[in-house]
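Here's the structure, in structure tokens; my notes come after.
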Amino acid sequence: MTTGIFAIYPVVAVLTLIGFGDISDHIGRRATMLMGLGASLAGTLLFAVAPDVLWLFAARALMGVGVGLTAGPSTAAVVEFATAGPAGNSSQRAALIATVAQAAGFAAALLLGGALIAYAPWPTRLSFWVLVMLLEILLVATWFLPRHMTTGTGMVWRPRLPFVPSEVRKAFATASVAMMTAYTHGVLILSLGGQVAHDLIGSPNALVNGAVLSLFAIVSGTGRLSASSSAFYRI
């Protein structure tokens, strides 16, 4: 049951990316991000008040929709809003910001969640209410992002399968396998890591276990930042 609850999120996120990956080209980055953040907020609220396990499945599914809708447009928005400098530099900056932001978010969530579970009241509820507050702030901030032109051709949007041009398929396949391998290892650590950390460390303290798990995200973000430092400083 725990595995199912954990697995429904990436399944829904991938399906959302495949079916709705280009919707921001038609309705705009800001509008798509608002939709995604709204779905994440709804999922977090379900977590905060969930009376039974079915609500957890629904909450994870909504958060998968939210991440699927916001992941691509948020990175694209960084590229489009970073108008200074060459376009290639903007793309590098956007990729770096997205990767480091994800790693920082993972680490902060593990540390803050562990602290709230270990030392605050309502250990199964409070962390979600904190996330609700943060998502509401982010929704307001996103609402005030500048509106920008869409890149659609004027055709009515409809879900479609992604298409990879033949000249980049080899590079795309290699990068996809690398990403799948990295995320497979990461998800195994995140899904099983709490229990493994608890068993190996022998500590019942959720903050200690969260701090151990956060090392994965910290090293991941630091490695990405270090690998891109020379290019970043050139930007």
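The values are calculated or read from the model by the stated rules, or taken from the named source; none is laboratory data. For clarity, every value in this text was computed on a predicted model and none was experimentally measured. Using ideal geometry, Cβ is built from the backbone for each residue, glycine included, and neighbour counts are taken over all protein chains shown.
Here are the numbers:
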quantity: Residue count for the stretch 59-77, restricted to those that are more than 14 Å from the chain's Cα centre (by Cα) and under 13 Å from Pro10 (Cα atoms); calculated: 1
quantity: One residue from Val79, Val140, Val164 being farther than 22 Å from Val212 by Cβ, in contact with a Phe, Trp or Tyr (Cβ under 7 Å, 6 or more places away or on another chain) and either in a helix (DSSP H, G or I) or modelled with pLDDT of 75 or more (or both); calculated: Val164
quantity: Pair list, Cβ < 8 Å and 6+ apart or interchain, from the stretch 164-189 residues that are farther than 22 Å from Phe6 by Cα to residues that are part of a loop (DSSP other than H, G, I, E, B) and at pLDDT below 85; calculated: Phe172/Val164
quantity: Verdict on Leu96 being in contact with a helix residue (DSSP H, G or I) (Cβ under 8 Å, 6 or more places away or on another chain), modelled with pLDDT of 90 or more and surrounded by 18 or more Cβ atoms within 10 Å (Cβ to Cβ); calculated: no
quantity: Condition met for Ile23 (surrounded by fewer than 17 Cβ atoms within 10 Å (Cβ to Cβ), among the hydrophobic types (A, V, I, L, M, F, W, C) and either modelled with pLDDT of 90 or more or touching a Pro at 6+ places or on another chain (Cβ under 9 Å) (or both)); calculated: no
quantity: Inter-residue pairs, beta-carbon under 7 Å, first in a loop (DSSP other than H, G, I, E, B) and in the stretch 199-220, second not hydroxyl-bearing (Ser, Thr, Tyr), 6+ apart; calculated: Ser203/Asn209; Asn205/Ala118
quantity: Residue match in the stretch 48-71 (condition: farther than 30 Å from Thr124 by Cα and either among the small types (Gly, Ala, Ser) or modelled with pLDDT of 85 or more (or both)); calculated: no
quantity: Condition broken by Ala171, with the remaining ones in (1) outside any loop (DSSP other than H, G, I, E, B); (2) modelled with pLDDT under 85 satisfied; calculated: (2)
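Residue-wise test of (1) crowded, with 16+ Cβ neighbours inside 10 Å; (2) modelled with pLDDT under 85; (3) in a loop (DSSP other than H, G, I, E, B).
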residue	(1), (2), (3)
Ala101	no, yes, no
Leu116	yes, no, no
Pro146	no, yes, yes
Met149	no, yes, yes
